[in-house]
Every structure is written in C-alpha cells, then in structure tokens.
Amino acid sequence: MWHHAYRREESDVSLMVLDIGNSQTVIGVYEGERLLEHWRISTHRDWTADEHYALLHSLLLGNHLSLADIEGAALVSVVPPATQSWEELFRHRLGIEPYAVDSTADLGIAIAVDHPREVGADRLANAVAAMAKYGAPAIVVDFGTATTFDVVSATGAFIGGAIAPGVLIASEALFLRTAQLPRIALTQPLRVIGRNTLETMQSGIVYGFAGQVDGLVRRIKGELGGEPAVIATGGLAPLMAEVSETIQKVDLFLTLDGVRMIYSRKYP
C-alpha cells in the first residue's frame with residue numbers, strides 16, 4: 001500500500017473517489033481538482049461496511065483528514081459485493097449518497113461501441129480523463145487484473161479497445177502450473193537473455209508483456225490513424241513504461257481523475 005501525505009487546511013472540502021478493482025482498490029480524496037491524499041489497498045469482497053469504515057478511519061487519521069470532512073463520494077467498481085459494502089458505509093455511516101459511475105452517466109464524450117452497458121465504468125473514466133488531460137486521439141493502457149486498452153478517437157469518442165490477461169494473473173498461472181518455477185518479484189530484468197531461473201522468468205514476464213503491449217498499441221494505431229497519446233495507468237504502469245517502446249506517459253491517478261470529472265458534471 002502506498003500513500004501520499006498532504007497537509008490540508010481545516011476549511012478544505014473533500015470528495016472521496018474509489019476505483020474498486022478485482023485485486024486492488026484505489027482511494028483518493030480531492031479538494032476541487034487537487035488530489036489531497038491517496039491509497040492503494042487490497043480489495044476485500046467479503047468485508048462489511050463497518051470493516052471498511054474502520055480501515056478508512058485509520059487511513060485518514062494520521063493525514064490531517066477525517067471522515068467528517070468527506071462531503072461527497074463517487075466510485076467505479078467491477079466487484080459488486082465490495083461496491084455494496086462501500087455504498088452502505090457512505091450512506092449509513094457518513095450520510096452521503098455515493099455516485100456510482102456507469103455507461104448511463106453524463107460523461108461528456110460519446111460511447112461508440114456495440115453494447116455500452118457492457119463497458120466497465122473504470123474504462124469509461126479512463127477515456128474521459130485521457131481526453132481531458134491529453135487530448136484526442138488517445139490510447140490508455142491500464143495494468144490491472146486484466147490489461148485493458150481504452151481508445152479515444154480523434155473526434156473524442158470512446159470507441160472500444162482490447163482486453164488481455166493481466167501481468168500478475170498470467171504470472172500466477174505460470175507459478176501454479178509449473179512446479180519447479182518459484183514466485184518472483186516483478187522488476188526490470190538486467191538482460192533479455194536470462195542466465196538463471198530468476199532472470200529468465202523476469203525476462204519472459206516483463207519483456208513478454210511489454211511486447212504484447214507494444215504489439216497491440218501499434219495495431220490499434222494502425223486502425224485509429226493519427227498520433228494518439230499513449231498513457232499507462234495501474235499499479236504496474238511505472239515498471240511496464242520503462243520497458244515499453246510505445247507508452248509515452250504514466251498517470252497513476254487517471255481513473256480517479258476521470259471519476260472526479262464525471263462526478264463534477266453531475267454535481268457542478
């Protein structure tokens with residue numbers, strides 16, 4: 001879990017934003033457009049609202065923030081049980097009606113896909129933030145449980161993308177299916193041609209997934225045309241950006257920013 005400390009004035013008004021993913025949940029607290037504080041925690045599908053409340057209280061306690069300062073809440077989620085628990089926390093503990101972003105929200109951009117309701121809300125938030133912060137066209141590579149590629153057209157519409165197995169979930173499958181291969185830390189390999197088991201696994205996983213990202217980005221560019229901005233987000237974005245040939249920027253809070261932007265359209 002990482003966090004960023006920010007000393008705030010007592011008069012600050014805060015919006016809490018959550019990106020609830022299958023493996024991790026990213027929590028951010030905003031004052032206007034400024035991100036005051038953020039945390040990345042494990043997603044707990046079976047936690048109650050009270051357990052989330054206790055965690056949230058402890059996270060805020062030492063950072064010049066308190067639950068009493070939270071005046072709004074917005075979220076995107078792909079984990080319904082966790083969504084329900086967090087929404088119950090906001091409603092019954094904080095007296096806030098949380099805003100859950102979905103395809104019916106006023107995004108400010110068109111959703112030009114066959115079945116908009118099937119698109120994950122986090123991908124829509126990525127598209128909104130990419131358009132606002134980097135312009136169009138744009139490609140967002142989000143390194144989560146799955147690796148998603150979210151594409152914004154030159155006219156500023158979300159037009160779909162691609163979904164591939166995530167780096168961690170695919171690596172875990174390798175460890176589980178091969179008895180003699182150990183779990184390893186994912187770091188940038190010293191060389192592509194590994195000279196021991198650790199190096200060969202790091203090379204195959206890190207450079208292998210970088211090759212997948214670069215191959216898909218180039219194919220997307222070929223269909224999309226123009227020179228799209230290529231932005232990476234998600235926990236592994238800094239590592240993968242180091243070894244990728246196509247990623248131009250790393251924005252760890254792109255999804256949170258997108259949710260905040262969508263919330264601000266509903267509650268200006």
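The values are calculated or read from the model by the stated rules, or taken from the named source; none is laboratory data. It should be emphasised that the depicted structure is a prediction, and the values quoted were computed from it without experimental measurement. Here the Cβ positions follow ideal geometry from the backbone for every residue, glycine too, while neighbour counts run over all protein chains shown.
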Which listed residue is within 22 Å of Glu118 (Cα to Cα), aliphatic (A, V, I, L, M) and in contact with a strand residue (DSSP E or B) (Cβ under 6 Å, 6 or more places away or on another chain), from Ile231, Ile247, Ile262, Ile163: Ile163
Which listed residue, of Ile205, Ile163, is at pLDDT 95 or above and not assigned by TED's automatic domain parsing to the domain that holds Ile41: Ile163
Residue within segment 131-149 that is buried (at least 21 other Cβ atoms within 10 Å of the Cβ), in the same structural domain as Asp69 (by TED's automatic domain parsing), over 23 Å from Leu224 (Cα atoms) and out of contact with any strand residue (DSSP E or B) (no Cβ under 7 Å at 6 or more places or on another chain) present: no
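Name the residue, out of Asp114, Asp102, Asp50, that is over 21 Å from Lys266 (Cα atoms), assigned to a loop (DSSP other than H, G, I, E, B) and out of contact with any Pro (no Cβ under 8 Å at 6 or more places or on another chain).
Details: Asp102 fails: over 21 Å from Lys266 (Cα atoms); Asp50 fails: assigned to a loop (DSSP other than H, G, I, E, B).
Testing whether each residue is over 21 Å from Lys266 (Cα atoms), assigned to a loop (DSSP other than H, G, I, E, B) and out of contact with any Pro (no Cβ under 8 Å at 6 or more places or on another chain) leaves just Asp114.
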Cross-chain or 6+ apart pairs with Cβ under 9 Å, segment 90-118 first and outside the structural domain of Phe158 (by TED's automatic domain parsing) and among the basic types (Lys, Arg), then part of a loop (DSSP other than H, G, I, E, B) and surrounded by 14 or more Cβ atoms within 10 Å (Cβ to Cβ): Arg91/Pro98
Number of the condition not met by Ala125 [criteria: (1) in a helix (DSSP H, G or I); (2) not hydroxyl-bearing (Ser, Thr, Tyr); (3) not assigned by TED's automatic domain parsing to the domain that holds Gly156]: (3)
Close pairs from segment 47-66: first free of Cβ contacts under 8 Å to residues at least 60 places away in the same chain and under 19 Å from Pro80 (Cα atoms), partner among the charged types (D, E, K, R) and in a helix (DSSP H, G or I), Cβ under 7 Å, at least 6 apart: Ala49/Glu88; Ala49/Arg93; Tyr53/Arg93
Filter result for the condition that a residue is among the hydroxyl-bearing types (Ser, Thr, Tyr) and within 19 Å of Val29 (Cα to Cα), over Thr83, Thr104: Thr83
Qualifying residue in segment 55-64 (condition: buried (at least 18 other Cβ atoms within 10 Å of the Cβ), closer than 15 Å to Thr255 by Cβ, among the hydrophobic types (A, V, I, L, M, F, W, C) and outside the structural domain of Leu254 (by TED's automatic domain parsing)): no
Of all residues in segment 128-171 being in a loop (DSSP other than H, G, I, E, B) and aliphatic (A, V, I, L, M), the one that is nearest to Thr25 (Cα to Cα): Ala136
From Phe175, Phe158, residue being buried (at least 24 other Cβ atoms within 10 Å of the Cβ) and not basic (Lys, Arg): Phe158
Looking only at segment 53-75, and only at residues there that are in contact with a Lys or Arg (Cβ under 8 Å, 6 or more places away or on another chain) and part of a loop (DSSP other than H, G, I, E, B), the one that is farthest from Met261 (Cα to Cα): His64
Val213 being within 25 Å of Ala129 (Cβ to Cβ) and in contact with a Ser or Thr (Cβ under 6 Å, 6 or more places away or on another chain): yes
